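The values are calculated or read from the model by the stated rules, or taken from the named source; none is laboratory data. The shown structure was predicted, so the numbers you read here are calculated from the model rather than taken from an experiment. Quick reminder, even Gly has a Cβ in these numbers, built from the backbone with ideal geometry, and neighbours come from all protein chains shown.
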Amino acid sequence: MDQMSGLLSATKFRDPFVTAKGEARAAVALRALETLWFNTGTLCNLTCRNCYIESSPRNDRLAYLTLADVTTYLDEIAANRLPTKLIGFTGGEPFMNPAIVAMLDAVLARGFDALVLTNAMLPLRKLRVPMLALRDRYGARLTIRVSLDHHDPAIHEQERGRRSWAPALDGLIWLARNGFRLDVAGRRYTGESEQSLRDGFAALFARHDIPVDAQDPVRLVLFPEMEPQRDVPEITTACWEILHKSPDDVMCSASRMVVRRKDAASAVVLACTLLAYDPRFEMGTTLAEASAPVSLNHAFCASFCVLGGASCSR
């Protein structure tokens with residue numbers, strides 16, 4: 001692998017099979033579709049400083065998914081007896097999608113576990129009554145993962161914007177008080193050690209009686225920062241042995257994501273949650289078409305998945 005230095009070279013991540021140095025690029029086979037993600041749409045109530053998917057109140061490049069979109073893929077899972085256990089919802093802000101409660105109900109009624117990524121702000125607050133009904137029907141099979149970028153309000157608001165901390169914390173506390181199964185997602189962008197971050201979150205959770213174990217990497221996920229123009233190594237086939245990792249450790253070995261592009265006739269399946277706009281990672285309209293191997297031909301494949309060791313799934 002080459003070394004990181006400055007801005008990303010324009011010669012990198014161009015060929016799906018060969019790196020800029022002429023080495024064989026790593027690819028990841030789909031060993032089993034364990035998790036299917038639905039991007040409910042890129043509209044969001046916030047405009048964050050560094051949102052990998054550029055969500056905002058104006059970005060509708062990914063349109064709202066419909067209940068029919070979701071049930072189409074649930075039907076394919078059933079018809080082909082796929083081993084999918086977890087259905088994830090991301091955005092944008094999923095609770096802005098008018099069909100989110102119906103989509104969650106459809107997923108949970110079929111016996112899947114559901115995971116929703118949210119900022120826990122006003123869009124969720126407006127749906128408290130139907131969300132309590134889902135909790136009553138499905139209990140711990142529904143997990144809400146709340147984004148708190150840091151345990152310090154000022155640092156969180158550097159990313160999320162002014163007056164974003166208090167509503168997010170209020171939403172997290174409401175979820176905790178009402179017995180929802182909770183995860184929290186933070187970010188590693190301050191240069192602090194992971195243990196320092198976990199200890200800070202642990203203190204925050206203790207102050208507010210939030211039942212999340214900050215030392216558990218599933219309950220508190222700390223995502224690496226992704227900067228599209230930052231230089232990162234290209235991942236070659238030799239990297240697996242060098243890094244003592246396996247392709248099966250990478251998110252695209254077990255998951256895919258469904259999106260509907262603005263004005264598109266149908267939804268499509270992407271390789272993963274991180275690459276919503278790159279056409280090279282669009283894999284077809286069905287899960288069967290999307291079962292092909294994924295070439296690690298993007299900087300995020302290196303910075304988030306392989307070197308960062310992160311996954312959006314549990």
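Here is how the numbers come out for the structure above:
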| read-out | value |
| --- | --- |
| Residue in the range 218-269 that is surrounded by the fewest Cβ atoms within 10 Å (Cβ to Cβ), counting only those that are of a type in the set (Gly, Ala, Ser) and farther than 30 Å from GLN195 by Cβ | ALA265 |
| Condition met for GLY41 (touching a strand residue (DSSP E or B) at 6+ places or on another chain (Cβ under 8 Å), at positive phi and at pLDDT 95 or above) | yes |
| Set PRO224, PRO228, PRO233: member being in contact with a Gly (Cβ under 7 Å, 6 or more places away or on another chain), touching a residue at least 12 places away in the same chain (Cβ under 8 Å) and not polar (S, T, N, Q) | PRO224 |
| Residue match in the range 5-23 (condition: of a type outside the set (D, E, K, R), closer than 25 Å to ARG135 by Cα and assigned to a loop (DSSP other than H, G, I, E, B)) | no |
| Residues of the range 187-230 that turn out to be in a helix (DSSP H, G or I) and hydroxyl-bearing (Ser, Thr, Tyr), as a count | 1 |
| Residues satisfying the stated conditions in the range 37-72, i.e. surrounded by fewer than 24 Cβ atoms within 10 Å (Cβ to Cβ), hydroxyl-bearing (Ser, Thr, Tyr) and under 16 Å from CYS272 (Cα atoms) | TYR52 |
| Selection from the range 278-301 of residues that are more than 19 Å from LEU82 (Cα to Cα) and either assigned to a helix (DSSP H, G or I) or modelled with pLDDT under 95 (or both) | ASP278, PRO279, ARG280, PHE281, HIS298, ALA299, PHE300, CYS301 |
| Neighbours by Cβ (under 7 Å, 6+ apart or cross-chain): first from the range 294-314, more than 23 Å from ALA20 (Cα to Cα) and touching a residue at least 60 places away in the same chain (Cβ under 8 Å); second part of a helix (DSSP H, G or I) and among the hydrophobic types (A, V, I, L, M, F, W, C) | ALA310/PHE304; SER311/MET251; CYS312/MET251; SER313/MET251 |
| Criterion violated by ASP136 - all others in (1) in contact with a His (Cβ under 7 Å, 6 or more places away or on another chain); (2) free of Cβ contacts under 8 Å to residues at least 40 places away in the same chain satisfied | (1) |
